[in-house]
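Reading through the structure tokens given below for one structure.
The values are calculated or read from the model by the stated rules, or taken from the named source; none is laboratory data. Since we're looking at a predicted model, the values are computed, not measured. All Cβ positions, even for glycine, are placed from backbone atoms using ideal geometry, and neighbour counts span all protein chains on display. Calculation scope for accessible area: heavy atoms of the full protein, side chains included, ligands and nucleic acids excluded. Shrake-Rupley method; radii C 1.70, N 1.55, O 1.52, S 1.80 Å.
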Amino acid sequence: MKFIVASIAIFFLLNLIIFEILKQYFNIKISAFICIFCFFCSSIFFLTLNLNFSSNFIEILARKFSVFMMGANFLLFFFCLIFYILNLSLEKVEFDPQRREILKNCINFGLIILFFSTLFKSFFNAIKTPKVKTTEIFIRNLKEQVSFCVISDLHIGNFIDKKFVHNLVNKILSEKFDALLIVGDMFDIKACDIGDLLDDFDKIEQPKFFVTGNHEYYRGALELINALESRNFRVLQNENEVFKNINLIGLNDIAAPQFGYEVNFKKALKETLPGLPKIVLAHQPKFVRDYAEDDLADLFICGHTHAGQIFPFSILAKIANGYLYGLYKEKNRQIYVSSGAGFWGPPIRFLAPSEIAILNLRRKI
């Protein structure tokens, strides 16, 4: 509830700023209407956040539109700031008044076109099948070359439907890898609503490993875990499994204690075999920053950040998690943070592309 109230308050302030900027350059009634409409749609999204969609077409359409508008609202705020800075800069420069007016109109018109172009391109970025990103990672004491396919933050549910999952799995099947690693936030629905949404994953013959993200706990982690295990997913809950001479450690998400589950890295470490590399699957990269000592594992694989999903949220995501996206090399360990395959909230990705990650592990000489 606190999150919902805080989010609505933030969007109220954002729209207040948008209104103060727009009214200086456009009709005040139009500016007020835009801001009230955006705030209304954003509020609807947050107020219905924990509700499942009904089968009513009108309700589904209305809620999807409100979510899309929430993302558009944030992009509008970002572009209004750019718009205000450019116009303010133009007023400070000495120009012939007529030329200044022409240039000002060009900037205004250009930014309006850029805003709508960015909005629809960002929508396409979110709903399209993620591209494959291949990364080579060198690991000490690696006995043989191993390739992992990594996905995170799929958020199956209200917007990520069977067609999206079907296209995603087909893309995965076109790659060569030894095991599929899913690093949390696979679901935004309860287990009873899964139906046939996971059927395509049955086509993947390689081992499938899964660790929980924070969203699994919001929707009933135990039931979702049971659903995955019934489909031959290996769910690692503070456990280690030796796979191709690698200690593959999977941890519950750091949100688990709020829902009666534990996060126990020490327990998992006790199960590891000496002399073999340690690879840790942990949904939130802030776990690595806040709880993992420097030399406890060779590689951490995380998700959660969505690479920010909508810039400049990426700045906040980096501050909150310590890592944002891609491979980080530190003194005694490496961290790979996936940008995620899906999206949460608005179907918008701006300067934060989704991905299917292929991690090719090679022996460090």
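Scanning segment 168-203 for residues that are more than 21 Å from K128 (Cβ to Cβ), of a type in the set (V, I, T) and without any contact (Cβ under 8 Å) to a residue 40 or more places away in the chain gives a single hit, I194. Screening K29 on (1) more than 29 Å from the chain's Cα centre (by Cα); (2) under 21 Å from K104 (Cα atoms); (3) in a helix (DSSP H, G or I) shows it passes everything except condition (2).
One line per residue, one yes/no per condition, for (1) modelled with pLDDT under 95; (2) in contact with a helix residue (DSSP H, G or I) (Cβ under 8 Å, 6 or more places away or on another chain); (3) buried (at least 17 other Cβ atoms within 10 Å of the Cβ); (4) hydroxyl-bearing (S, T, Y):
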{"position": "I182", "(1), (2), (3), (4)": "no, no, yes, no"}
{"position": "A191", "(1), (2), (3), (4)": "yes, yes, yes, no"}
{"position": "F209", "(1), (2), (3), (4)": "no, no, yes, no"}
{"position": "T212", "(1), (2), (3), (4)": "no, yes, yes, yes"}
{"position": "H215", "(1), (2), (3), (4)": "yes, no, yes, no"}
{"position": "I225", "(1), (2), (3), (4)": "no, yes, yes, no"}
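Listed by first and then second residue, the pairs with beta-carbon distance under 7 Å, at least 6 apart or on different chains, first residue in segment 272-299 and on the phi < 0 side of the Ramachandran plot, second open to solvent by less than 50 Å² (accessible area, probe 1.4 Å) and among the acidic types (D, E), are P277/D298; K278/D298; I279/D298; H283/D185; H283/D253; Q284/D253.
From the list F115, F120, F138, the one residue that fits, being within 30 Å of H304 (Cβ to Cβ), open to solvent by 20 Å² or more (accessible area, probe 1.4 Å) and in contact with a strand residue (DSSP E or B) (Cβ under 8 Å, 6 or more places away or on another chain), is F138. Can you confirm whether segment 251-258 contains a residue that is open to solvent by 10 Å² or more (accessible area, probe 1.4 Å), among the aliphatic types (A, V, I, L, M) and either more than 21 Å from I156 (Cβ to Cβ) or outside any loop (DSSP other than H, G, I, E, B) (or both)? Scanning segment 251-258 turns up at least one residue that is open to solvent by 10 Å² or more (accessible area, probe 1.4 Å), among the aliphatic types (A, V, I, L, M) and either more than 21 Å from I156 (Cβ to Cβ) or outside any loop (DSSP other than H, G, I, E, B) (or both). In segment 80-106, of all residues being under 35 Å from the mean Cα position of the chain (by Cα) and aromatic (F, W, Y), the one that is nearest to Q24 (Cα to Cα) corresponds to Y84. The listed residues are K133, K162, and the only one of them that is of a type in the set (D, E, K, R), under 20 Å from G340 (Cα atoms), without any contact (Cβ under 8 Å) to a residue 40 or more places away in the chain and surrounded by 14 or more Cβ atoms within 10 Å (Cβ to Cβ) turns out to be K162. F300 satisfies every condition listed in (1) closer than 16 Å to I182 by Cβ; (2) in a loop (DSSP other than H, G, I, E, B); (3) in contact with a Pro (Cβ under 9 Å, 6 or more places away or on another chain) except (2).
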